[in-house]
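S.K.: Below are the structure tokens for one structure; questions will follow.
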Amino acid sequence: MVEFAFVLPVFLILVFGIIEFGWAFSQQLDVRHGAREGARLAAVNHGHYDDSDNERDPSTQTTALVDEICSRMDRDGEAKVTISGGGEVGDETEVTVFRELDTLTGFFDGWLGGREIESTVSMRTEQDATWNPATGADCPEETT
């Protein structure tokens, strides 16, 4: 019984640590994926036309671009997206996605709680950008 009392806390820290840091890694991958997909969408001027093939105004296109970036991430309701650059073909387009790290078990909130995950990706613009730059645009809440 005494040996069990010594081993159990170490075992629980190990198990919960594996779970928590695996969850944090999954969230980091999701943010990276969102930034990569967003940079690609911005570089090809995604959302220039709406569903009825009418040209969108730049601010509406930016909103559609942010919505599309967020829809390609698993946990999009809390993320923020910044899009900059663009301009003409050959210019750099940069997309940054950031969100607060969520903990799963609560066991390591002192170390992980409140940290931000961020990823920035740059791509060369392939079509003249008609969207407006966005700074810290919130992802829309998920609708099911």
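Readers should treat all values here as calculations from the given coordinates under stated rules, not as data from a laboratory. What you see is a predicted model, and the numbers here were worked out from it, not measured in a lab. Cβ: placed from backbone, ideal geometry, glycine included. Neighbour counts: every protein chain shown.
S.K.: Would you mind ranking 18, 69 so that the residue whose beta carbon has the fewest other beta carbons within 10 Å leads the list? Walk me through the numbers on the way to the answer.
M.R.: On the way: 18 10, 69 28.
By the 10 Å Cβ count, ascending, the order reads 18, 69.
S.K.: Could you run the Karplus curve 6.51 cos²θ - 1.76 cosθ + 1.60 with θ = phi - 60° over region 9-23 and give me ³J(HN,Hα) per residue in whole Hz, x for Gly and Pro?
M.R.: x, 5, 5, 5, 4, 5, 5, 5, x, 4, 5, 5, 6, x, 5
S.K.: Roughly speaking, what is the centre-to-centre gap between region 79-144 and region 1-35 when only Cα atoms are used, to the nearest Å?
M.R.: Cα centroid to Cα centroid, the span is 26 Å.
S.K.: Excluding the sites themselves, what is the longest stretch of the chain that contains no GluC sites (Glu not before Pro) in a DSSP loop with at most 10 other C-beta atoms within 10 Å? Let's see the in-between values first.
M.R.: Working: sites that count: 88, 141.
Answer from the scan: 1-87.
S.K.: Short version: ³J(HN,Hα) in whole Hz for each residue of region 93-98, in order, from phi by Karplus 6.51 cos²θ - 1.76 cosθ + 1.60 (θ = phi - 60°), x for Gly and Pro, what are they?
M.R.: Couplings: 10, 10, 10, 10, 10, 9 Hz.
S.K.: Here's another thing I want to ask about it. Given the rule -39500 (n - 2.57) for each run of at least 4 DSSP H residues, summed and divided by the residues of the chain, what is its mean residue ellipticity at 222 nm, to the nearest 500 deg cm²/dmol?
M.R.: Working: 3 runs with 60 residues, N = 144.
Calculated from helices alone, the mean residue ellipticity at 222 nm is -14500 deg cm²/dmol.
S.K.: Here's another thing I want to ask about it. If you wrap a convex hull around the C-alpha atoms of the chain and split its volume per residue, what is the figure in Å³? Numbers along the way, then the final one.
M.R.: Details: hull volume 14.9 nm³, N = 144.
Cα-based convex hull of the chain, divided per residue, equals 104 Å³.
S.K.: Residues of region 104-140 with the amide nitrogen closer than 15 Å to a label point 7 Å from the Cα of residue 74, along Cα-to-Cβ, please.
M.R.: Backbone N within reach: 104-105.
S.K.: Stretched out fully, how many nm does the piece from residue 44 to residue 13 gain, at 0.36 nm a residue minus the Cα gap?
M.R.: Details: separation 31, 0.36 × 31 = 11.16 nm, distance 4.65 nm.
Taking residue 44 through residue 13 to full extension adds about 6.5 nm, to one decimal.
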